[in-house]
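In what follows, a single structure is set out as C-alpha cells and then discussed.
The values are calculated or read from the model by the stated rules, or taken from the named source; none is laboratory data. Small disclaimer: the values here were computed from a predicted structure and weren't measured. Here the Cβ positions follow ideal geometry from the backbone for every residue, glycine too, while neighbour counts run over all protein chains shown. When the accessible area is computed, the model is the full protein with side chains, heavy atoms only, and any ligands, DNA or RNA have been set aside. Shrake-Rupley method; radii C 1.70, N 1.55, O 1.52, S 1.80 Å.
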Amino acid sequence: STAIIGNASVAFIRSAVQRHPERPFFAYIAPKAAHEPFNPAPWYATHWDDSWPTHEPRDNPAWNATAEARAGKHGIIPSQPMITREAAEIVTDVFKNRWRTLMSVDDLIGDVVALCEDLDVADSTYFFFSSDHGFQLGQNNILMDKRHVYEWNTRVHFLARGPGIRPGSTWSLPATQVDLAATFTGI
C-alpha cells in the first residue's frame, strides 16, 4: 500500500503545483507501514544490507527479563514466560520485515522531496516526518506490542525540514502530536 499511497501523493503534489504554482499546498501522507501485517513490497521481501543489525535491540535489561526483574510491574508483564529461541526468531523476523516495509516509506519520502525539488518548491516547503507510536519487540518478555507506557512505546521521532530550520539542529522541549495542528496553522 505504501507504493500506491506514494504514487497518489506524488500525483496530487504535481497537480497542485502545476495548477497553482504560487499557492501553498498541504499533503498529509500516511502510509500504513510499519504496522501489521508486516509485508514488505515484493522488491524488498528479502533485502537486507550487511551494515544493518542482525536482530532487534537486545542491549537493555528489559529484553527477555527474568521473572524477578518483571515482578511488581503492571498488567500481564509479571506473568510472561521467558522468550524461547524459537520466539526470538519470530521477533527477529518481525523486526526485519518491519524494517523492510520502511524501505518503501524511504522511497516515498525520497520521491516527494525529489518532486518538490524538480518543481522548484522545495526551498519554500516544510517537510515533517513522524509516527503514531513506538513499538516493543521482546521488552518485558512481550514479543511485540505498543500499548504499554514505556519509553520504547511512547517516544516518537519527529523530524522537520523547511525554511528557517537549520540543518542538523535539535529541539529538546517536550511536544506531542496535538501540537502539529497549531504548527501547520501557524505556517
Accessible area in square angstrom per residue, the chain, 1.4 angstrom probe: 66
Which one of ASN141, HIS157, SER124 has its Cα pushed farthest toward the positive end of the charge dipole of the chain, where Lys and Arg give +1 and Asp and Glu give -1 at the Cβ? ASN141
Nearest-20 debye value, the stretch 41-120 charge dipole, Cβ charges on Lys, Arg, Asp, Glu: 780
Whole-percent carbon and sulfur contribution to the accessible surface of the chain (1.4 Å, no ligands, DNA or RNA) stands at 57
Any chance you could check the Cα centroid distance between the stretch 113-129 and the stretch 1-73 for me, in angstrom? 20
Taking the chain as a Gaussian network, Cα atoms linked when under 10 Å apart, which of GLY162, GLY75, GLY138 shows the biggest mean-square fluctuation? GLY75
Would you kindly derive the ³J(HN,Hα) couplings of the stretch 167-177 from the backbone phi angles with the Karplus curve 6.51 cos²θ - 1.76 cosθ + 1.60 (θ = phi - 60°), listing them in order in whole Hz, with x for Gly and Pro? x, x, 6, 10, 9, 9, 6, x, 8, 10, 4
Residue-averaged [θ]222 nm for the chain, counting only DSSP H segments that reach four residues, each worth -39500 (n - 2.57): -11500 deg cm²/dmol
From the backbone phi of the stretch 157-163, what are the Karplus-calculated ³J(HN,Hα) couplings (6.51 cos²θ - 1.76 cosθ + 1.60, θ = phi - 60°) in whole Hz, Gly and Pro given as x? 5, 8, 10, 9, 9, x, x
Is the stretch 148-187 best put as rounded, prolate or oblate by its Cα gyration tensor, with a ≥ b ≥ c the root eigenvalues, rounded for a/c under 1.5, and otherwise prolate when a/b is larger than b/c, oblate when not? oblate
Residue-wise HN-Hα coupling along the stretch 47-64, computed from phi with Karplus coefficients 6.51, -1.76, 1.60 (Hz; x: Gly, Pro): 5, 7, 8, 4, 7, 7, x, 7, 7, 4, x, 10, 8, 9, x, 7, 5, 6
Could you check which residue among ARG166, ARG98, ARG58 shows the biggest mean-square fluctuation in a GNM of the chain with a 10 Å Cα cutoff? ARG166
Label-to-label distance, nm, for residues given as SER51 and VAL178 (7 Å Cα→Cβ offset): 4.0
Given charges of +1 on the Cβ of Lys and Arg and -1 on the Cβ of Asp and Glu, with all other atoms neutral, how large is the dipole of the stretch 20-86 about its Cα centre, in debye to the nearest 20? 280
Which of the trypsin sites (Lys or Arg not before Pro) found in the stretch 123-187 are loop residues per DSSP with 11 or fewer other Cβ atoms within 10 Å of their Cβ? ARG147, ARG155
Of SER172, THR101, ILE77, which is farthest along the charge dipole of the stretch 54-187 in the positive direction, counting Lys and Arg as +1 and Asp and Glu as -1 at C-beta? ILE77
Quick one: give the max-minus-min coordinate of the C-alpha atoms of the chain along each principal axis, largest first, in Å. 62, 39, 26
